[in-house]
Each structure stands twice: as C-alpha cells, then as structure tokens.
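Accompanying notes for the structure given below.
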Amino acid sequence: MTPASSPTSENRALRRLSSLVAGRLVIAIPYAWLLVLFLVPFFIVFKISLSETAIAMPPYSPAFSFIHGIAGLWAEVKKLGFDNYVWLTQDNLYLFSYLSSVKIAAISTLLTLVFGYPIAYGIARAPSTLRATLLMMVILPFWTSFLIRVYAWIGILKPEGLLNQLLLWLHVIHEPLIILNTSKAVYIGIVYSYLPFMVLPLYSTLEKMDHTLIEAAEDLGCTPVSAFWKITFRLSLPGIVAGCLLVFIPAVGEFVIPDLLGGSHTLMIGKTLWNEFFENRDWPVASAVAIILLLILVVPIVYFQQAQARAEEAGR
Amino acid sequence: MPSLGSIRRSFAPWNDAAAKPYIAFENVTKKFGDFTAVDKLSLAIYEREFFALLGASGCGKSTLLRMLAGFEEPSAGRILLDGQDLAGIPPYRRPVNMMFQSYALFPHMTVEQNIAFGLKQDRMPKAEIAERVASMLKLVRLGEFARRKPHQLSGGQRQRVALARSLAKRPKVLLLDEPLGALDKKLREETQFELMDLQHELGLTFIVVTHDQEEAMTMADRIAIMDKGEVMQVATPADIYEAPATRFVADFVGTVNLFEGKVADMSGDAGRILGADGFGLRVDNLAGAKNGARAWFAVRPEKIAISAVKPADEGLNAIEGEVWDIAYLGDMTIYHVRLEDGRIVRTSSVNSRRASDEQLTWHDRAWISFRPDAGIVLTR
Ligand SMILES: Nc1ncnc2c1ncn2[C@@H]1O[C@H](COP(=O)(O)OP(=O)(O)O)[C@@H](O)[C@H]1O
Ligand SMILES: [Mg+2]
C-alpha cells in the first residue's frame, strides 16, 4: 500500500485543503469588507466628482443607466471630466479650508498627546486593581451621544456659561472670556472628544513596558527624568504614532465640532464639504472635495501602516 | 606564575581582624506592607570578594541586592559601602552596577549602544566610549554582533551583553541577580568559570544571587545561606559543606544523614549521641555540647562506607541494615540502606574499580560504617 492511497493520508490531504480554504476565507472577510464598505462607495463618490451639477434627481449628470445599451453608457462615460478639480484650484476657499483643517487637526493632535500621555502613563503605573476602573472612566463618555457632549460644551464655554461664571466668581477674570465660536473652542472640543483614541493606544504600549528597563537605565547613571525620555518615551513611540493618527485623521475631516463650537470664522474642510452638499447642492464639487481630502489623509495612513509593520518587525 | 587556586586560597580577609568590610549590611530589615522580606540581616563583604547569596526562591535575595543598588530603601538598618551610609543616595549615583535577572537589555538599541549607554550618561568622550565598548565586546566575545539588536541574539549572547553593559562602567561592585538562570547546563558551567576569571582579572567585588548550590559552590569565595529573609550561615564553600552551623544549612547544601539523639558519656570532646533506640553513636567533636542535650550527628553520604560484613575496626560506628535502593551513576553508586527502625541512610561510594561480582544488591544485609569524626554535631 502506497502512502498516497491510504485512507489516512487522503483524509489528511482533505483536511489540509479545507484548512487552506478556511484560511483563505478568513483573509477574504476583511477584503470583502474593504471592497463593499470602502472601495465601492469610493468609486461612486469618485464618479460623482467627475460629473456636472444638474437640476435633477440625483443632482448631477451623467447618471449612468443601461437604457441606451452599452453604446449609450459609453457616450455618458465620455461626458465625465476633471472640471470640478480644476474649480477647486480656482477658489482659494478650498485651499484655505484644507490648510486650516490640517493646522487645526495637527495642533489639537499635539494637545491631545500632551494631555493623553500623562493620563495613559498614570493608568499604566496605577495598581493593577485600579487600572480597569480608570480605563473605564476614559471610555465612559462614549456612552453618551457625541452630539450631546459637544452641545454640552456650548453651555460650558459660552460667555455666560459655566466656565466664565466659575472664573468670575473666583475673581480670576473680571470680564467673560470669549471662547465659544473661536478656534480655541474647536481645540477644546477635539481634545475632549478624541482623548480616548489617544489614551488607549498609549496605555497599551506603556502597560506592556518592562519596568526593569527603567531600573537598568537608572542603574547605569540616568536620572529618572532622562530615563523617562531615553527609555519610556522612546519605547512608547509606536503608541504615540498610533494615537496621533487615530486623532489626526478624523480630526481633519471633523464637521460637528467646528460647526457647533467654532462659529462662522473657523474654516474647516468638513464644514466646506457640508456647505457644498446641503447649501449649494453641488454634489460633484462636494465629491471632489471629499476625494482630495482622502488623498491628503492617505499620506499619514500609509505612514501609519508602515510604522505598524516596522514596530511589529522590531518588537521581539 | 601562581595558579588561580593558590591565589584564592590565600585570599581570606574575613579571617583578618584588621580588614574593613567593603560592604556592610547592619541590621537591615525590609518590609512590604506586613510582609518581612529581609529580617534584621547583617553581612560583611570584603573588597575583591566573590560573594554568593544562596537560598530558595522568595527568601529575599533579590530584595537584598535591590537595596544595595538603590531600588528599594531598607525599612530599618543601614547599608554601608566603603564606610559611607548609602541611605538616600539614588541608584544613578551609586558606584554599583547590576546585571538583571531578566537582563533588561534596551530593545531599541544595538548591542553596542546598550554597552555604551552607561558611559554616555557619564559624558565620557566619544573616542573613549568607542574604545571601552570595543574592549567590552572583546571580553565577552561578541565583536561580530555589535550592530545587532537584542531580539536578534540567543539567550547566551544576551546574557553576555548584559554582563558587558554592567561591567562597562567599571563599577566597584557588580551585582548579579541569577545571572546564569536562563542558560542551559553546559553553557552555564562554562560561564561560571568565565565569570570567575573576569572577576579576578578586573579585581572587582562580585555579589551574585543564585538558588543553584553548585553554582554558588563553584564560583564564590564565601556563601551566605539565606532563609526567610535571614542569613543562616556565611562561610567558604568547604566550610558550608563540611561544617554547616545548623540542620537547615546541612540539609540545604548537598545531601546529609542526620542521626538524632541525646549527648551522653562526654569526656573532653568525645562522647556518644544516644538515639531513641538506645544505640549510641561514637563521636569525637562534641565541643560546646552538654550531657543530656538534644543533638544531631550530620554525616555526608560519601563519608559512610558500606560493606556486606561488619567492619573489623571496633572504633568505627557500624550499623546493620538492608539495601533498600541502589542508584548506579557510573562514577559512583548511591545506596539507600534501611535500618531496623525504618530510617533510611544514604551512602555513596566512588566506583574506583570496574564492576565486580561481589557487589551488594537489593535486599542484601549490609553494614554501614563511619568514623567518629566523619560528621559534625549540630545542636540547632
Ligand atoms: N515590591 C514588592 N512588593 C511586595 N512583595 C515583594 C516585593 N518584592 C518582593 N516581594 C516579596 O518579598 C519576598 C522576597 O522576594 P525576592 O527578594 O525577590 O526573593 P528571591 O530570593 O527569590 O530573589 C517574596 O516573597 C516576594 O513576594
Ligand atoms: Mg530573585
């Protein structure tokens, strides 16, 4: 009896095949997810961005249909063009919106890091019995609607709001501070809303860190402060990168916070986009704005992916 | 040129009343909450000594080292280094370096950078750092791995990087916490000799923590046996083995047969230890004991002879029993002999001749015998 014909080896081959198929299937799930929920919508938006506005339903043309057969479809496709993208370069509003969004997102990301790092560090160093509770407190705000929480900040920040009342009562200030409807309010709103996205990845890298490394550094002559920078901070860089991107990427496209807290002076691309869609009903230009926004964000996303891969390779 | 052995034999500052200890623990206690990890411990360690702390896991060895390195403050008592009280001096200002049990290599730095780390903290000039790192790499034979990261090294190589890093600053005292724990047996034995040579070459004081008695016996000038945060005995490896102070030490290091009884018939240092069965062991080192006091005669297996017939010499202690177990190890054979009252006595004999027919076998009647000075009388 040759091994190949034995029933056990057949079984084994079958099992190997099925595990191979199962393995492929497992990989297929995220790809299917990407395809259905990212690539298909992306191409729809991209196609709209190449269309023209029209007073119709949907409000752009051409709208593809198979009524006139393949030839008719081809004639429609030929009507697509990059006019909307050219338009974006002709009105400074868009450029300023992008720049201002990136600037606001970058500054708030930095602020989130400055506030988030000590929080994450504190939780990671807390007694292990306390850690779960502290983490819970970081996540707790998620249990309330985001919109309501941002509204609540209006009540806190407005000239006659809680913050000003408190400061006036404490005689720290004599006139109410104007925070609401300025970019300061947007920074506060973003830092507040996105703090958990910074704290969680930071916590997970800091929590894994071997404390004897700090002792080793101090043993070799580092003061605690310099040991922090040379070891703790350096080794938490992957967490810092992850946290910063998790905050920066959604912050660039943020709409609700600048709209509710930033007033009309705060220019952010999310607001511009919303205006194009709902006030101007110019779906093609709005789509072009969205596509460019995506291209801007691809840079940090790719960087993030590479950083993750590098960290994975370097770690252990 | 004198051999290492002869130099070591003449090195015994602990016997010199004029010698000042380099490191002194004075009544040091360390409590973690209610738990006492180190209990009123006193120790004196001399310059250039290779000192071992030996004890079961959890007996407070690491805690003792960590107090010396400055990671823990004693709850009570003082630690002196070269006469200076170390209280309040942070780890980064103490002239001691530690090789950590887990090695604690910095994962984001290469081997070279790990070794240079301590030197950079001291603001040593770049050229000197490079020179020192190169010499350390040569010492631990890792030259070709200088640019690797720790995760690209084997366990033995990592251990050598950790050693090089802790030695790079030429500390006055090197603390080694189970330095060889992660190595396999062969590599461990090789490294033990390397460490001894290194310590001697550099003229440093080494304090090594271990729970492996063979390791401690091999490397150390003196060993402190620890139990539950206390030092049970401090002595040279030979004294620990041949003259243990307590039953705990006798039992902890090597194998021992303990014959319990009451001291009787003392005349000078000689006398008997009367067992419960009425059998009196003849012993001649009863100094300090009292008639009627409880005592144990501790005899190592290799000092007990085993034979099929009663030995002719009346001066020997001879007891009859039955061969209960035999373990043939090649170079020697271990016999467990069961006495009338059920006690098991362990003996070991060197197989100096090749196997012969007249060997004892299971359930044979046999006589065990040892001289009155073969063991030591313990009262604790
Ligand atoms: N930071 C600490 N907090 C509480 N208990 C500790 C701490 N460090 C050590 N211990 C306890 O002290 C005892 C001695 O520990 P250690 O010195 O590490 O023992 P070992 O002899 O194995 O090195 C152990 O029971 C350990 O649980
Ligand atoms: Mg230990």
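Can you name every residue in the range A:83-115 that is surrounded by fewer than 17 Cβ atoms within 10 Å (Cβ to Cβ), out of contact with any Leu (no Cβ under 7 Å at 6 or more places or on another chain) and more than 18 Å from A:Leu273 (Cα to Cα)?
If the condition is that a residue be surrounded by fewer than 17 Cβ atoms within 10 Å (Cβ to Cβ), out of contact with any Leu (no Cβ under 7 Å at 6 or more places or on another chain) and more than 18 Å from A:Leu273 (Cα to Cα), then A:Ala106, A:Ile107, A:Leu110, A:Val114 are the ones that fit.
Go through B:Lys120, B:Lys149 for me and flag whichever is within 12 Å of chain A (Cβ to nearest Cβ) and in contact with a His (Cβ under 9 Å, 6 or more places away or on another chain).
B:Lys149
Which of the numbered conditions does B:Leu105 fail, given that it passes all the others? Conditions: (1) touching a residue at least 60 places away in the same chain (Cβ under 8 Å); (2) within 16 Å of ligand 1 (Cβ to nearest atom); (3) more than 26 Å from the chain's Cα centre (by Cα).
(2)
Quick check on my filter: what residues within the range B:50-67 are touching a helix residue (DSSP H, G or I) at 6+ places or on another chain (Cβ under 7 Å) and either within 14 Å of chain A (Cβ to nearest Cβ) or more than 11 Å from ligand 1 (Cβ to nearest atom) (or both)?
Of everything in the range B:50-67, those that are touching a helix residue (DSSP H, G or I) at 6+ places or on another chain (Cβ under 7 Å) and either within 14 Å of chain A (Cβ to nearest Cβ) or more than 11 Å from ligand 1 (Cβ to nearest atom) (or both) turn out to be B:Phe50, B:Ala52.
Count, please, the residues in the range B:68-114 that happen to be touching a Lys or Arg at 6+ places or on another chain (Cβ under 6 Å), more than 18 Å from B:Asp177 (Cα to Cα) and more than 10 Å from chain A (Cβ to nearest Cβ).
Of the residues in the range B:68-114, 5 are touching a Lys or Arg at 6+ places or on another chain (Cβ under 6 Å), more than 18 Å from B:Asp177 (Cα to Cα) and more than 10 Å from chain A (Cβ to nearest Cβ).
Mind checking which residues of the range A:227-264 are assigned to a helix (DSSP H, G or I) and over 25 Å from A:Ala309 (Cβ atoms)?
A:Ala227, A:Phe228, A:Trp229, A:Val256, A:Ile257, A:Pro258, A:Asp259, A:Leu260, A:Leu261, listed by residue number.
So which strands (runs of 3 or more DSSP E) stay within the range B:9-90 end to end and still have 1 or more residues that are within 16 Å of ligand 2 (Cβ to nearest atom)?
In the range B:9-90, B:23-32, B:35-45, B:50-55 are the strands (runs of 3 or more DSSP E) which contain 1 or more residues that are within 16 Å of ligand 2 (Cβ to nearest atom).
Find the residue count for the range A:207-226, including only residues that are more than 8 Å from every other protein chain (Cβ to nearest Cβ), assigned to a helix (DSSP H, G or I) and either touching a Phe, Trp or Tyr at 6+ places or on another chain (Cβ under 7 Å) or farther than 17 Å from B:Lys120 by Cα (or both).
So the count comes out to 3.
Looking only at residues that are in contact with a strand residue (DSSP E or B) (Cβ under 9 Å, 6 or more places away or on another chain) and under 16 Å from B:Glu49 (Cβ atoms) in the range B:203-215, which one is nearest to ligand 2 (Cβ to nearest atom)?
Looking at residues that are in contact with a strand residue (DSSP E or B) (Cβ under 9 Å, 6 or more places away or on another chain) and under 16 Å from B:Glu49 (Cβ atoms), I get B:Val209.
If I filter the range B:12-33 down to residues being more than 14 Å from chain A (Cβ to nearest Cβ) and near ligand 1 (Cβ under 10 Å from one of its atoms), which single residue comes out as surrounded by the most Cβ atoms within 10 Å (Cβ to Cβ)?
Result: B:Lys30.
Being part of a loop (DSSP other than H, G, I, E, B), more than 25 Å from B:Phe248 (Cβ to Cβ) and small (Gly, Ala, Ser) is the requirement here; does B:Gly321 meet it?
No: the conditions fail for B:Gly321.
Among the residues of the range B:123-146, which ones are within 14 Å of chain A (Cβ to nearest Cβ), free of Cβ contacts under 8 Å to residues at least 12 places away in the same chain and farther than 27 Å from A:Met209 by Cβ?
B:Met124
So B:Leu195 ticks every box in (1) aliphatic (A, V, I, L, M); (2) more than 16 Å from ligand 1 (Cβ to nearest atom); (3) surrounded by fewer than 20 Cβ atoms within 10 Å (Cβ to Cβ) but one. Which box is left unticked?
(3)
Laboratory data are not the source of any read-out in this text; all were calculated from the coordinates shown. All values reported here derive from a predicted model rather than from experimental measurement. Counting neighbours? That spans all protein chains shown, and the Cβs are built from the backbone with ideal geometry, glycine included.
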